[in-house]
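Everything below concerns the one structure shown next.
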Amino acid sequence: MAFSSSRSLRNPARRALLALALPLVAGTAFAQAWPTKPITFVVPFPPGGPTDVATRIVAQKMSQGLKQNILIDNRSGASGTIGAAAAAKAAPDGYTFVMLATPTLLAAHLYGQTPYDIFKSFTPVGTVYDLPIVMVVNPKVLPGVNGLQDLIAKAKAEGGKLNYTTAGAGSFGHLTTEQLKNIGKFEMQHVPYRGSAPAVTDLIGGQVPAMFSDLVAVMPHIRSGALRPIAVGSGQRVSLLPDVKTVAEQGFPGFDATSWGGLLAPAGTPKDVVERMSAELKTALADKEVQDKLEAVGSFAAYRTAEQTGVRMRQDFERWGKVIRDNKITNQ
């Protein structure tokens, strides 16, 4: 249908059709042209951490398919809420995305409120990686602890005075240990640190005997023998530690605790752009070199669609929110 004649435009029905068609044409043209400049991935955690490292590996591959550079903008602080807030305020034009990690997803439970609504301020693009967590002990301090039940027996024998450390109050390791304590009906004293590095340093030094940590932070020390892994939190064994049993295999059927990262776009980002980014993400994560690089640093490619990612966000938000409330955990 031609819309150029003055007679056509004077017809109300034709004018209505034109009003409907123009946004569709404009949207298609935008999607075809996008991207025309570099894209920014906001990483709400410091350089060198698991979220940052995984993001850089995947972004490098995605940039090839998009034929545009992807810039990494590290904005750390407050469990990722500072960076997430910046991304939420960005123009929804397809040039800003944020890497969600589990602490950021749960921040509203820990801080009482955040400057954004994790479900209303963002649109899921896809899940990027899974980050297994592992319970490790100092073998010199706990020489007889070779499995999870050994640790539980030790904790009960000491009347709940046995310490464990994590990367901080409200960290995923903290939440996982608290849920495990609730289910197993045993007590341990939490000694939180400000980040994984100092916690692992004191764990190796013997100041604290045990820790539920992400695999990235402790894998080098497991390989050196400084730390002994006794359980992994995920529902299945981890390829990097094939002989280490899961929590579920050690008396807690169905237990599955896995931290993860997903790519989000500011709400209102064009649907075609979100779909293209999700497709590029899927392609990147299917690449063997990308998978190997992620595994080398302790994380695993784990693509899920935008819809599946949204469901996972809601499920984890509710599950771990209950753990936070039941154990009165706060980061305020």
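The values are calculated or read from the model by the stated rules, or taken from the named source; none is laboratory data. None of the values given here were measured: they were computed from a predicted structure. Cβ atoms come from the backbone with ideal geometry, glycine included; neighbour counts cover every protein chain shown. These area figures cover heavy atoms from the full protein model, side chains too; ligands, DNA and RNA do not enter into them. Shrake-Rupley method; radii C 1.70, N 1.55, O 1.52, S 1.80 Å.
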**Item:** Cα-centred dipole magnitude for the chain, charges only on beta-carbon of K, R (+1) and D, E (-1), debye, nearest 20
**Value:** 840 debye
**Fill in**
Here FRET efficiency (C-beta to C-beta, Lys67 to Arg237, R₀ 56 Å, nearest 0.05) is 0.90
**Request:** Putting +1 on Lys and Arg Cβ atoms and -1 on Asp and Glu Cβ atoms, find which of Leu227, Phe172, Gly147 reaches farthest to the positive end of the dipole of the chain.
**Result:** Phe172
**Item:** Residue among Thr55, Val137, Ser213 farthest towards the positive dipole end of the chain, charges placed on Cβ
**Value:** Thr55
**Message:** Rounded, prolate or oblate for segment 226-321? Axes are the square roots of the Cα gyration tensor eigenvalues, ordered a ≥ b ≥ c, and the cut-off for rounded is a/c under 1.5.
**Reply:** oblate
**Prompt:** So, in segment 128-241, how many Lys pairs have Cα atoms under 18 Å apart, if the pair is 8 or more places apart or on different chains?
**Reply:** 7
**Request:** Give the long-range amide H neighbours of Val42: residues separated by 5 or more places, or on another chain, with amide H under 5 Å away, using H modelled in the peptide plane at 1.01 Å from N.
**Result:** Asp73, Phe97, Val98, Met99
**Item:** Portion, in percent, of the accessible area of the chain that falls on carbon or sulfur, probe 1.4 Å
**Value:** 54 percent
**Prompt:** Taking a probe of 1.4 angstrom, what is the accessible area of Thr283 in Å², to the nearest 10?
**Reply:** 90 Å²
**Prompt:** Of the trypsin sites (Lys or Arg not before Pro) in segment 107-184, which ones lie in a loop per DSSP and count no more than 10 other C-beta atoms within 10 Å?
**Reply:** Lys120, Lys161
**Fill in**
All alpha-carbon distances of the chain, grouped into 20 Å bins from 0, give the whole-percent distribution 30, 50, 15, 5, 1
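If you put +1 on each Lys and Arg Cβ and -1 on each Asp and Glu Cβ, how big is the dipole of segment 157-254 around its Cα centre, in Debye rounded to 20?
The calculation lands at about 60 debye.
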